[in-house]
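Each value in this text was obtained by applying a stated rule to the coordinates, not by laboratory testing. These figures come from a predicted structure and were not determined experimentally. Cβ placement follows ideal geometry from the backbone for every residue including glycine, while neighbour counts extend to all protein chains displayed.
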Amino acid sequence: MDFDFTVITSHARFLGSGIVVTLLLSILSGLSSLAVGFVVALARLYGPRGLKPLVVLYIDSMRAIPVLVVLVWTFFALPIVTGITMPPFWAALIGLTVHLAAYVAEIVRSGVESVRPGQTRAAMALGMSRAQALRRIILPQASRRILPVLASTWVSLFKDTSLVSVMAVTELAYVAMQIRAQTFRVLEMLTAMAAIYWLLGYPQAKLVDWIQRRFAVTE
């Protein structure tokens with residue numbers, strides 16, 4: 001077996017650019033899905049009665065449709081519907097955000113509902129509004145419960161960014177496949193891609209383990 005390391009080292013700059021795009025897409029889609037998911041969760045918990053069925057439909061739909069299908073539809077079909085053509089990176093960001101926000105919304109909702117209702121009633125009895133009780137009493141406790149799950153979801157998001165290679169987003173998987181096609185060095189590039197993902201993902205997985213131990217709620 002002839003394993004040529006020079007294929008990897010000679011294309012290190014291109015692989016590095018793919019890593020940057022992967023991390024940037026992970027961070028932006030993680031932050032945007034957290035913001036959208038939080039709003040969706042509040043809409044389901046405290047929104048108007050007529051809005052809740054639509055929110056539930058959105059959440060259940062995103063949980064039923066594979067993320068790859070959402071990404072492909074966003075990139076190829078959404079421009080047909082709206083007449084607006086988006087660069088691959090922004091289409092990927094929207095697709096990942098829309099899909100992951102549904103999961104974040106359920107995580108936030110379950111965290112809020114895990115706090116005993118009596119604490120809300122006690123806060124309101126002390127003169128707080130529902131919004132004040134949510135901000136000062138409920139969310140601080142819920143955040144401790146949902147943080148480990150959100151951290152685990154982040155790791156899944158990081159891995160899902162490899163799927164946007166089908167949209168020609170120049171992230172790590174796409175760059176590695178392009179180099180493979182140009183050099184015909186399949187073993188080297190697939191191994192390099194797997195190793196880089198491991199080097200980036202393994203510390204994240206260990207961080208999730210630490211967060212779960214650190215913020216575990218035992219009562």
Unit Cα scatterers, Debye sum, the stretch 95-144: log10 I(q)/I(0) for q = 0.17, 0.19, 0.23 Å⁻¹: -0.54, -0.63, -0.78
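Multiply the residue gap between residue 125 and residue 156 by 0.36 nm, knock off their C-alpha separation, and tell me the result in nm, one decimal place. Provide the component values of the computation, followed by the final result.
On the way: separation 31, 0.36 × 31 = 11.16 nm, distance 4.14 nm.
Extending this stretch completely gives an extra 7.0 nm.
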message: I need the calculated FRET efficiency for the pair residue 181 and residue 45, taking r as the beta carbon distance and R₀ as 41 Å, to the nearest 0.05.
response: 0.25
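Before anything else, pin down the relative contact order of the chain: Cα pairs under 8 Å, at least 6 apart, normalised by residue count, whole percent. Kindly include the intermediate steps, with their values, before the conclusion.
Values: 216 pairs, mean separation 65.4, N = 219.
This gives 30 percent for the chain.
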- request: Starting from the exponent 0.38 and prefactor 2.2 Å, build the expected Rg for the stretch 6-214 from its residue count and divide its actual Cα Rg by it.
  value: 1.22
Lys/Arg +1, Asp/Glu -1 at C-beta; the chain dipole; positive extreme among 207, 78, 36: 36
- prompt: Taking the chain as a Gaussian network, Cα atoms linked when under 10 Å apart, which of 174, 103, 202 shows the biggest mean-square fluctuation?
  reply: 202
- request: List, in order, the whole-Hz ³J(HN,Hα) value for each residue of the stretch 191-197 obtained from phi through the Karplus relation with A = 6.51, B = -1.76, C = 1.60 and θ = phi - 60°; use x for Gly and Pro.
  value: 5, 4, 4, 5, 5, 5, 4
statement: Working note, the stretch 20-91: Cα radius of gyration (Å, one decimal) and Dmax (Å, whole number) are 14.5, 43
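When the dipole is taken about the Cα centre of the chain, and only Lys, Arg (+1) and Asp, Glu (-1) are charged at their Cβ, what size is it in debye, to the nearest 20? Don't jump to the answer; show the numbers that get you there.
Numbers: 19 positive and 10 negative charges, 233 e Å.
Roughly 1120 debye for the chain.
Quote the FRET efficiency, to the nearest 0.05, computed for residue 4 versus residue 27 with a Förster distance R0 of 41 Å and r equal to the Cβ-Cβ distance. Display every interim value, and only then the final one.
Values: r = 33 Å, r/R0 = 0.81.
For residue 4 and residue 27, the calculated efficiency is 0.80.
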Of 59, 179, 84, the one that fluctuates the most in a GNM where the chain has Cα springs shorter than 10 Å: 84
